[in-house]
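Derivation of every value follows stated rules applied to the coordinates shown; laboratory data play no part. Model, not experiment: these values are computed from the prediction. FYI the Cβ positions are ideal-geometry reconstructions off the backbone, even for glycines, and counts take in every protein chain you see.
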Amino acid sequence: MPTSDAKNAALPVYVEAALPVPLRRVFTYRVPEKMRGSIKLGARLMLPFGRRNLTGYAVGLHDALPPDVDIDESKIKDIIEVTDDEPLITPEILGLTQWTADYYASFWGEMLKAALPAGINTEKIRPKRRKAVRLLAVAESADEKPVRTGSGSDRVLARPLSEQQQAICDLLAANGGEMLFTDVLEQADVGASPLNTLAKHGIIEIFVQDTLRDPLAGAVLPDRDDFTLTPEQQSALDSITATLKNDGEFKAFLLHGVTGSGKTEVYIRAMRFALDEGRSAMMLVPEIALTPVFSRRLRAVFGPEVAILHSKLSAGERYDEWRRIRRGDARIAIGTRSAVFAPLENIGLIIVDEEHDPSYRQHESPFYNARDVAVMRAHRAGAVAVLGSATPAMESFYNSQTGKYAYLRLPDRIGGRGLAEAELIDMREVFKRAGRHVALSFELLSAIKTTHERGEQIMILLNRRGFSQFVLCRTCGETMKCKNCDITLTFHRGGDKLLCHYCNYREKVPKLCPLCQSQYLYFVGEGTENIADMLENKFPDMRIARVDRDTMSHKNEMEDVLLKFAAGGLDMLVGTQMIAKGHDFPNVTLVGVISVDIGLGLPDLRSAERTFQLITQVAGRAGRGTKAGKVLIQTYYPEHYALRHARKQDYEGFYNEEIKFRQRLGYPPFSMLASILVKHREHSYASKNANTLRRSLDAANAARTARILGPAPASLSRLKNEFRLQIIIKAASRRSLKEMLELALADAETHGCDLRTVYVEIDPVNLM
């Protein structure tokens, strides 16, 4: 029989840990003898790191120092604590996060932290525990007979159950034999005394149990309509389920369906098929605003099999939903970007709705695109990926045309309803007629009035928050800027403040120009707050709600407003892109689009694509019921091809023009892009690091397989008190880009470049 020392000698002595720090490496620690055998891959560990203690993740276990670890063994530190008996990170997610960090040139430890619910690495979140009652036996009662517990014991009560005691037993029996203590008190209308007496005699048991915090507790679920699919829907579903039948076969589909074509019903039936096949399913949505709509619909179909993951849930709700998935109690996960890392076992289907949306991109470290991670997760798991959109990303549609994705088309709206009629309103002509700038054209105001008179609803899109976009001194030309960022402050009349939408810096609106002391301050450019005020003044009898991040900052606010609008309790929504996609309001017959041109002026290769997508998506909110819809688009550039094709909701026409532009300039999908930002509070330090990195990139690009631009000031050259220098790389292939970056980063570090200031973004969705 082996001795204790022999057993310990066979157990891992060293652990490799990924830490949530911006360093592209893992760290080796020694496992104290008393902890050997208690660590599993994916477990959280408390580790010494410099002068701090950090939570890290076990990613490798060794009985001897790995050969690539170049460190004096005497300097290796011991781990402090093993946090998890059972790892929170599954082997699948461990591998997926490693791939994601490697692909996006990001940091594995930060990616692992991002894969867990926010706050799970603190001591604040614990299972919610509540007192409960369990019926142990059905007591036999009669007015004059003793009562036997019936639980296998011979004990009997000296007298029959009281009326209250009997009511408690009857209530428990009617509810499956188990209820929360407070629910029994309320529903049986009793105090604690009869419960304690029943427990004393062994008829009931009073105990403490974990209680799940359900994000949909008390929510009204929609009715389930089992209607017949259209031939196009059935064909799309058949293609998806045919692949699901081949257990372990990966395939990616692009489901291209016009707004209102019934993509969601295809998703739901595909999920049902996956569950029937013994697999699990995931659905990603781009905006938190969409999760209440979809989660209620899925809960109505699949019941408690559905778990919800997004940042507007309380920390406790996120923790409980994640635990339900981890235990296998929920086989469907729906959520926003980070839900792609949900610990579903045996995943068979991953759906990415509105796959084109830039919200799937994580814009802070660790960088990743959840859409592309979802496709890779499906590939690694032998599952099916379905990317759905009415306006697919250029790269996704290109992949469907070149055979990388299978192409599924839903060309028509359900019930034969036509797309809304769209019209471009030339604001240059409006300016001439009015003799001044006006935010709301006569045509739009007239259409709002007649739509309301018919008892129909209206949506107005303006993709800018606040009351005015900036404050200008008409005497000296000074603008009020953020003290931390190279950007003007936005005026918000609520609170009478100037606000930076990047760092949240705020200050009171000055009475005089801080530069020349002039009193002539001019508020330029409308935001949603201003437009909503204008409309309320012009239509005082209308019930209008504003939907943007300023008004929808608290939990359930967005859901409450949307449900109220759907029920007819509001006449008009005025909002940003939060209202543009995914919503189905049958009584909306008019959509107005204001100041759409702002997106076309951004220095970004995707500005035309985003403008087309936003207009087409919001236009799709009109005319989804039995009444025809109308869309009015106010613009100063009606000739622009993005607007011409958006007016017709003609995706293929837009794609054919845009793809020629991309090919001519060598932009994605014909090249691979990387954006490198070098950021630091001192401009000279950022510049030194950027120039060192550029020299290393040039050396790594000796074969000239890539084009390198910069370093130059980024479009937003200073944010959150950091100067930002940008290098853009355009490479012919992913492999050459990755190899060049790996060589350059390693070389730059040896030449003194501080890599903590360097942020690499692969496949950036904007170049700001």
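Indicate, rounded to the nearest 5 percent, the antiparallel portion of the DSSP beta bridges found entirely in the chain. Please report the intermediate quantities before stating the final value.
Values: 69 of 122 bridges.
Antiparallel: roughly 55 percent of the beta bridges in the chain.
Shape of segment 634-762 from its Cα gyration tensor (a ≥ b ≥ c, root eigenvalues): rounded if a/c is under 1.5, otherwise prolate when a/b > b/c, or oblate? Cα axes put segment 634-762 in the oblate bin. For the pair segment 242-314 and segment 538-571, the centres of their Cα atoms are 27 angstrom apart. Computed from backbone phi with θ = phi - 60° and the Karplus coefficients 6.51, -1.76 and 1.60, the 3J(HN,Hα) list for segment 418-432 is x, 5, 5, 6, 10, 9, 8, 9, 6, 6, 5, 5, 4, 4, 4 Hz; x is used for glycine and proline. If Lys and Arg each add +1 and Asp and Glu each add -1, what is the summed charge of the other residues whose beta carbon sits under 14 Å from the beta carbon of M740? Around M740, the surrounding residues sum to +4.
Between K404 and H62, what is 0.36 nm times their sequence separation minus the Cα-Cα distance? Round to one decimal in nm. Could you put the intermediate results ahead of the total?
Values: separation 342, 0.36 × 342 = 123.12 nm, distance 3.97 nm.
Full extension from K404 to H62 adds 119.2 nm.
Please give the length that would be gained between D650 and D584 if that part of the chain were fully extended, namely 0.36 nm times their separation in residues minus their C-alpha to C-alpha distance (nm, one decimal).
21.7 nm
Modelled spin labels at F523 and A702, positioned 7 Å past Cα toward Cβ, are 6.2 nm from each other.
Shown for the chain: cysteine residues without a partner Cβ closer than 4.7 Å, namely C169, C503, C753.
Annotation for segment 732-763 versus segment 33-88: alpha-carbon center distance of 28 Å.
About the Cα centre, and with charges only on the beta carbon of Lys, Arg (+1) and Asp, Glu (-1), how big is the dipole of the chain? Nearest 20 debye, please.
Numbers: 102 positive and 96 negative charges, 386 e Å.
Dipole of the chain, to the nearest 20 debye: 1860 debye.
Computing FRET efficiency as 1/(1 + (r/R0)^6) for N484 and D189, where r is the C-beta to C-beta distance and R0 is 56 Å, gives about 0.40.
Look at the Cα gyration tensor of segment 292-439: its axes a ≥ b ≥ c give a/c of at least 1.5 with a/b over b/c, and that counts as prolate. Amide H to amide H, with H built 1.01 Å from N, G348 comes under 5 Å of S280, A281, counting only residues 5 or more places away or on other chains.
Converting the Cα gyration tensor eigenvalues of the chain into ellipsoid dimensions via √(5λ) gives semi-axes, longest first, of 47, 40, 28 Å.
By per-residue mean of other Cβ atoms within 10 Å, what is the highest-first order of 263-273, 466-476, 701-711? Show your work: numbers first, answer last.
Numbers: 263-273: 21.9, 466-476: 18.5, 701-711: 14.8.
Answer by packing, highest mean first, reads 263-273, 466-476, 701-711.
Taking a point 7 Å from the Cα of E423 along the Cα-to-Cβ direction, the residues of segment 580-605 with backbone N closer than 16 Å to it are 589-594.
Across the chain, C-alpha contacts under 8 Å between residues 6 or more apart give a mean separation that, scaled by the residue count, equals a relative contact order of 10 percent.
Go through 317-327, 52-62, 595-605 and give me the packing order, highest mean Cβ count within 10 Å leading.
Numbers: 317-327: 21.2, 52-62: 19.5, 595-605: 16.8.
Highest to lowest by the protection proxy: 317-327, 52-62, 595-605.
Shape of segment 486-539 from the C-alpha gyration tensor: oblate (a/c of 1.5 or more and a/b not above b/c, with a ≥ b ≥ c the square roots of its eigenvalues).
Arranged from highest to lowest average of other beta-carbon atoms within 10 Å per residue, in what order do the peptides 496-505, 335-344, 235-244, 100-109 appear?
Values: 496-505: 16.3, 335-344: 24.8, 235-244: 18.6, 100-109: 22.2.
Taking the mean over residues of other Cβ atoms within 10 Å, the ranking is 335-344, 100-109, 235-244, 496-505.
Residues of segment 593-617 falling in the label zone of E657, defined by backbone nitrogen less than 12 Å from a point 7 Å along Cα to beta-carbon, are 608-609, 612. Computed extension length for A567-S235: 116.2 nm, one decimal, from 0.36 nm per residue of separation with the Cα-Cα distance subtracted.
Using the Cβ-Cβ distance between R681 and L767 with R0 = 22 Å, the FRET efficiency computed as 1/(1 + (r/R0)^6) comes to roughly 0.45.
Let me check I've understood the local charge: for G435, count other residues with C-beta under 15 angstrom from its C-beta, Lys and Arg +1, Asp and Glu -1. What total comes out? Spell out each step's value before the answer.
Working: positive: R428, K432, R433, R436; negative: E429.
Local net charge: +3.
Please work out the FRET efficiency for the pair W99 and V438, using the Cβ-Cβ distance as r and a Förster radius of 56 Å; give the result to the nearest 0.05. Write out the running numbers ahead of the final one.
On the way: r = 53 Å, r/R0 = 0.94.
Efficiency at R0 = 56 Å is approximately 0.60.
Kindly flag which residue pairs out of K449/K581; K312/K730; K312/K679 have an alpha-carbon separation exceeding 26 Å in this structure. The pairs that break the limit, which is 26 Å between Cα atoms, are K312/K730; K312/K679.
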